[in-house]
Amino acid sequence: MLSRISSRSNRLFSSISSVSHSKDRSDCLSINLRNGSAVTNVKVPLVWLRDHCRSTTAYNHTTNQRKSKMLNLLDEARISDRDAVKYDENKLTIKWRDGHESMFDSDLLIQMIVKTEKKRAQDLYHLWNGSSIEALPTVKKSAFSFPEFSRKFVQFGFVSVEGIEQTPEATEK
């Protein structure tokens, strides 16, 4: 099983610097993730890559379900030779022994192997009282954004909408 790297953000890793066969395990690829000048190595099992293939023959994009049978996965996750794995800066291509080909976009592969940490409650909510809140959370009616309104509502528990007439009828709209 893949032991994913934890990160607050997938953007922490900007690119994949190299992909090669793992020297200590032939059933894994060694992937180097770059963050500026720092490089972090991740061992990714071939069976994990085959299982996460998003080709139209292996994955139903409408239902977000894999089409492969789990019983055959270990047999299907074999490559014929070391030349079966190719990497350029945009994608990883793997030709499997059974003739199937998997292509992984670099950015998507980083998202798949880097596990983002879930936000903690104290990061989501801002506890306040009358003396601790400096400015009321507001959004403008003229530039209303529901995602911004929702985020502020969850964070503070209320949101003031500026630019609304101060009548019951306008408030109901």
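Here are a few things to note about the model shown:
- Phi angles of the range 80-88 translate, via the Karplus equation with coefficients 6.51, -1.76, 1.60 and θ = phi - 60°, into HN-Hα couplings of 6, 7, 5, 7, 6, 10, 10, 9, 10 Hz per residue; Gly and Pro are given as x.
- With a threshold of 31 Å on the Cα-Cα distance, the over-threshold entries among Lys67/Lys91; Lys43/Lys67; Lys115/Lys152; Lys91/Lys115; Lys91/Lys152; Lys67/Lys152 are Lys91/Lys152; Lys67/Lys152.
- Placing unit charges on the Cβ atoms only, positive for Lys and Arg and negative for Asp and Glu, gives the chain a dipole magnitude near 500 debye about its Cα centre.
- In terms of the mean number of neighbouring beta-carbon atoms within 10 Å, the peptides 63-73, 32-42, 86-96 order highest first as 86-96, 32-42, 63-73.
- The chain - mean residue ellipticity at 222 nm from DSSP helices (-39,500 (n - 2.57) per run, n ≥ 4, rounded to 500): -5000 deg cm²/dmol
- Electrostatic dipole magnitude of the range 121-167 [Cβ: Lys, Arg +1; Asp, Glu -1; Cα centre; debye, to 20]: 100 debye
- Proximity of backbone amide H atoms, modeled 1.01 Å from N, is registered between Ser15 and Arg34 at under 5 Å, excluding neighbours fewer than 5 places apart on the same chain.
- Within the chain, DSSP assigns beta bridges of which about 80% are antiparallel (rounded to the nearest 5).
- Fully extended contour minus Cα-Cα distance, from Leu73 to Arg151, at 0.36 nm per residue: 23.9 nm
- When the chain is described by a simple charge dipole with +1 on each Lys and Arg Cβ and -1 on each Asp and Glu Cβ, the residue from His100, Phe144, Ile16 located farthest towards its positive end is His100.
- Converting phi to 3J(HN,Hα) with the Karplus coefficients 6.51, -1.76 and 1.60 and the offset θ = phi - 60°, the range 151-162 yields 4, 5, 5, 5, 5, 10, x, 7, 8, 9, 9, 7 Hz in sequence order, with x at every glycine or proline.
Every number in this text was worked out from the coordinates using simple rules, so none of it is lab data. Since we're looking at a predicted model, the values are computed, not measured. Neighbour counts are summed over all protein chains in view; Cβ atoms, including those assigned to glycine, are modelled from backbone coordinates with ideal geometry.
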